[in-house]
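Trainee: For reference, the structure I am asking about is given below.
The values are calculated or read from the model by the stated rules, or taken from the named source; none is laboratory data. Fair warning: this is a prediction, and the values are worked out from it, not measured in the lab. Every residue, glycine as well, gets a Cβ built from its backbone with ideal geometry; the counts of neighbours run over all protein chains shown.
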């Protein structure tokens, strides 16, 4: 259901604003590399994972390969992926769940900060951690 709603919303936005350019799409994907939430790159990595849970980001498309490699490095720093060989990565079993929880927590902190700032009670994010 949620993917149908998402697709319909994207169609409506495209009708209003016009389709996104390739450059806009590439820029958005590059921004996803460092995000601490579940991204479309993560979704793609999970879809190409083999039965042993391994991902090899090598592909014919250099841009996508760069995205995958960058994202895997970020996931490694977060403890959610591990390089196990030349170009082979093992994704954590709880990758999607963990990233979704981190994203939700970040959204909550942003909302709280926005509300407090609007009332003149701004605090740093560290105060909430």
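Rundown of residues vs (1) modelled with pLDDT of 90 or more; (2) in contact with a helix residue (DSSP H, G or I) (Cβ under 8 Å, 6 or more places away or on another chain); (3) closer than 23 Å to residue 108 by Cα, yes/no style:
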site	(1), (2), (3)
33	yes, yes, yes
37	yes, yes, yes
52	no, no, no
58	no, yes, no
69	yes, no, no
72	yes, yes, no
80	yes, yes, yes
85	no, no, no
88	yes, no, no
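Trainee: Ok, one more. When you scan the range 77-98, do you find a residue that is assigned to a helix (DSSP H, G or I) and farther than 30 Å from residue 23 by Cβ, even just one?
Mentor: There is at least one residue in the range 77-98 that is assigned to a helix (DSSP H, G or I) and farther than 30 Å from residue 23 by Cβ.
Trainee: For residue 75, are the conditions met, namely being closer than 20 Å to residue 52 by Cα, in contact with a strand residue (DSSP E or B) (Cβ under 9 Å, 6 or more places away or on another chain) and in contact (Cβ under 8 Å) with a residue 40 or more places away in the chain?
Mentor: no
Trainee: Ok, one more. Do we find a residue being under 29 Å from residue 26 (Cβ atoms), modelled with pLDDT under 85, part of a helix (DSSP H, G or I) and within 18 Å of the chain's Cα centre (by Cα) anywhere in the range 110-125?
Mentor: yes
Trainee: Does the range 38-51 hold any residues that are in contact (Cβ under 8 Å) with a residue 12 or more places away in the chain and either in contact with a strand residue (DSSP E or B) (Cβ under 9 Å, 6 or more places away or on another chain) or farther than 23 Å from residue 100 by Cβ (or both), and which are they?
Mentor: 42, 45, 46, 49
Trainee: With the requirement that a residue be surrounded by 14 or more Cβ atoms within 10 Å (Cβ to Cβ) and part of a loop (DSSP other than H, G, I, E, B), what does the range 50-67 give you?
Mentor: Of everything in the range 50-67, those that are surrounded by 14 or more Cβ atoms within 10 Å (Cβ to Cβ) and part of a loop (DSSP other than H, G, I, E, B) turn out to be 53, 56, 57.
Trainee: Still on this structure, please answer the following. With respect to residue 45, determine if the residue is surrounded by 15 or more Cβ atoms within 10 Å (Cβ to Cβ) and under 11 Å from residue 89 (Cα atoms).
Mentor: yes
Trainee: OK, next. From the list 70, 92, which one is touching a residue at least 24 places away in the same chain (Cβ under 8 Å) and surrounded by 14 or more Cβ atoms within 10 Å (Cβ to Cβ)?
Mentor: Only one candidate qualifies: 70.
Trainee: Would you mind stating whether residue 41 is within 26 Å of residue 6 (Cα to Cα), in contact with a helix residue (DSSP H, G or I) (Cβ under 6 Å, 6 or more places away or on another chain) and in a helix (DSSP H, G or I)?
Mentor: It is true that residue 41 is within 26 Å of residue 6 (Cα to Cα), in contact with a helix residue (DSSP H, G or I) (Cβ under 6 Å, 6 or more places away or on another chain) and in a helix (DSSP H, G or I).
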